[in-house]
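What follows is a short report on a single structure.
The values are calculated or read from the model by the stated rules, or taken from the named source; none is laboratory data. Being a predicted model, the structure only gives us computed values, none of them experimental. For neighbour counting, all protein chains shown are included, and Cβ atoms are generated from backbone atoms with ideal geometry for every residue, glycine included.
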Amino acid sequence: MAISDRPGGLTALAALNGFFAISCGFPGLQRIISSYRLHAHLQDPEATANRWSRRNLESLIEADVDPQQMELLGILGLVVALLLAVSVWGLLKRNHWAGKWGSTLAAVGMVSISWLAVEVLPTDLVRGVGMNLVRQMFYPLFLLIMVHGIFRKDLRLR
């Protein structure tokens, strides 16, 4: 398929999805690593290397954050990043299943992660990632409008 056969907006949407795949993947990895550090800190509090890390982990413990909850948030973040990466390929190839439904599932996943983060994480940590939450609430709405509204004819089954 020549690049002129694909609407320019689909290319721009694919680029945005690629950016959001990265912005969902790295926090997902960070939350998985934090869950393992939290679990290790619960096993042996003196093994924590530096004072800043120990203070951060203790604030998570005070807020009753479960390491499994952090790990679940991290895994969901990686799944959403994978769905967004699949949607990038689908949007560039104008593939109905990968482009349209990969984007739709990723949008639902982004909203789910934001909602779960508000429910699970302590208030001061959520306040620190407030812009991330706003981005993960409004971009999925934009993505759904683009995929199911504006580009619906470009992503239909052939």
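For (1) of a type outside the set (Val, Ile, Thr); (2) over 14 Å from the mean Cα position of the chain (by Cα), each residue gets a yes or a no:
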| position | (1), (2) |
| --- | --- |
| Glu62 | yes, yes |
| Met70 | yes, no |
| Val80 | no, no |
| His96 | yes, yes |
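Note on the range 14-29: residues that are of a type in the set (A, V, I, L, M, F, W, C), surrounded by 17 or more Cβ atoms within 10 Å (Cβ to Cβ) and more than 18 Å from Val111 (Cβ to Cβ) amount to 1.
Would you say Ala81 is assigned to a helix (DSSP H, G or I), under 30 Å from Tyr36 (Cβ atoms) and modelled with pLDDT of 95 or more? Judged against the criteria, Ala81 is a match. Where helices (runs of 4 or more DSSP H) fall entirely within the range 87-158, those with at least 2 residues that are modelled with pLDDT of 85 or more and buried (at least 17 other Cβ atoms within 10 Å of the Cβ) are at 102-120, 130-145.
Residues in the range 100-115 that are of a type in the set (Ser, Thr, Tyr) and over 11 Å from the mean Cα position of the chain (by Cα): Ser103, Thr104.
Could you list, in sequence order, all residues of the range 30-60 that are of a type in the set (A, V, I, L, M), surrounded by 14 or more Cβ atoms within 10 Å (Cβ to Cβ) and either under 12 Å from the mean Cα position of the chain (by Cα) or modelled with pLDDT under 90 (or both)? Residues satisfying the conditions are Leu38, Ala40, Leu57, Leu60.
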